[in-house]
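A short worksheet on the structure shown next.
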Amino acid sequence: MTVSELKDKLALKVAALPYPEREISGVYIGDLLSWVMGRANCGDAWITIMSNKNIAAVATLADTACVILAEGVEPDEGVGALAEEKGINILLSDAGAYDTAVAMSKLL
Amino acid sequence: MSEALSFRFSVDGENFTSAGQASVQVKKNLRQLGLDPEIIRRVSIAMYEGEINMVIHAGGGVAEVKVAEEFVEIILEDHGPGIADIEQAMQAGFSTAPDKIRSLGFGAGMGLPNMKRYTDYMDIESKVGEGTRITMRVNIT
């Protein structure tokens with residue numbers, strides 16, 4: 001499933017979507033950035049409540065397919081624009097991390 | 001043997017939210033060189049962890065990346081407080097990061113363990129009150 005398809009199927013909002021056709025291969029949930037870099041796989045959708053600029057760097061380095069901010073969290077000011085520039089997809093979910101992941105497990 | 005290609009970056013100790021610029025740039029440079037994506041991922045993550053450490057603990061420093069025939073070498077050097085007990089610092093979960101840093105998602109005590117995990121060689125030289133020099137290598141072949 002692509003990031004764009006996920007966005008449509010779960011009716012997620014978009015903070016940045018420079019690579020809508022990027023394929024999602026799995027899911028990783030976490031807010032501690034070193035854990036994300038240590039454990040997330042390339043191509044995962046990364047679900048978090050962290051909203052600061054560092055998520056763009058972490059998503060770039062870990063090569064995740066997209067970041068999903070859960071619990072209705074909005075990105076900090078400037079993060080959406082930075083993500084567009086760095087080629088990082090960021091979607092927004094009003095649901096919690098668990099519910100978002102459960103919904104995704106039915107699609108992947 | 002041909003001369004190693006090298007990149008050098010100054011890591012700004014004041015600007016925490018833009019930390020990672022050097023690692024992201026290295027990722028780009030290594031991509032242009034056509035290195036294997038998994039090698040690039042390991043190099044750039046190990047470097048990012050080191051870069052963040054220099055910003056959190058040492059007020060910045062210098063990062064140098066050399067691309068040799070058999071490995072990519074990352075050298076991180078700072079003039080921060082140094083590491084009193086390297087063995088303790090290497091333990092997963094051990095952290096001296098302040099709360100402000102933790103609230104940003106760092107300071108989980110996984111930085112040095114991740115650097116070790118993602119590299120084939122890692123050496124830490126540190127003197128309390130003088131600074132720290134970390135050398136890491138990721139094998140290409």
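In the stretch B:49-69, the residue that is least open to solvent (accessible area, probe 1.4 Å) out of those that are assigned to a helix (DSSP H, G or I) and touching an Asp or Glu at 6+ places or on another chain (Cβ under 6 Å) is B:M54. Taking each residue of the stretch A:14-25 that is within 19 Å of A:A81 (Cβ to Cβ) and looking for partners that are of a type in the set (S, T, N, Q) and open to solvent by less than 70 Å² (accessible area, probe 1.4 Å) with beta-carbon atoms closer than 6 Å, six or more apart or interchain, yields A:L17/A:N89; A:Y19/A:N89; A:P20/A:S4. Looking across the stretch A:63-100, just one residue is buried (at least 23 other Cβ atoms within 10 Å of the Cβ), within 11 Å of chain B (Cβ to nearest Cβ) and in contact with a Lys or Arg (Cβ under 8 Å, 6 or more places away or on another chain), and that is A:V79.
Of the residues B:E87, B:E77, the single one that is away from every other protein chain (no Cβ under 14 Å) and more than 16 Å from the chain's Cα centre (by Cα) is B:E87.
For the stretch A:23-35, which positions are surrounded by 20 or more Cβ atoms within 10 Å (Cβ to Cβ) and away from chain B (no Cβ under 14 Å)? If the condition is that a residue be surrounded by 20 or more Cβ atoms within 10 Å (Cβ to Cβ) and away from chain B (no Cβ under 14 Å), then A:I24, A:V27 are the ones that fit.
Screening the stretch B:70-141 for helices (runs of 4 or more DSSP H) wholly inside it with 1 or more residues that are modelled with pLDDT of 95 or more returns the ranges B:86-89, B:111-118. Take the residues in the stretch B:39-48 that are facing chain A (nearest Cβ under 8 Å) and under 13 Å from B:V138 (Cβ atoms), then tell me which one is surrounded by the most Cβ atoms within 10 Å (Cβ to Cβ). It comes out as B:S44.
The values are calculated or read from the model by the stated rules, or taken from the named source; none is laboratory data. Model, not experiment: these values are computed from the prediction. Ideal geometry is used to build each Cβ from the backbone, glycine not excepted, and the neighbour counts take in all protein chains shown. Surface areas here come from the heavy atoms of the whole protein model, side chains and all, with no ligands, DNA or RNA. Shrake-Rupley method; radii C 1.70, N 1.55, O 1.52, S 1.80 Å.
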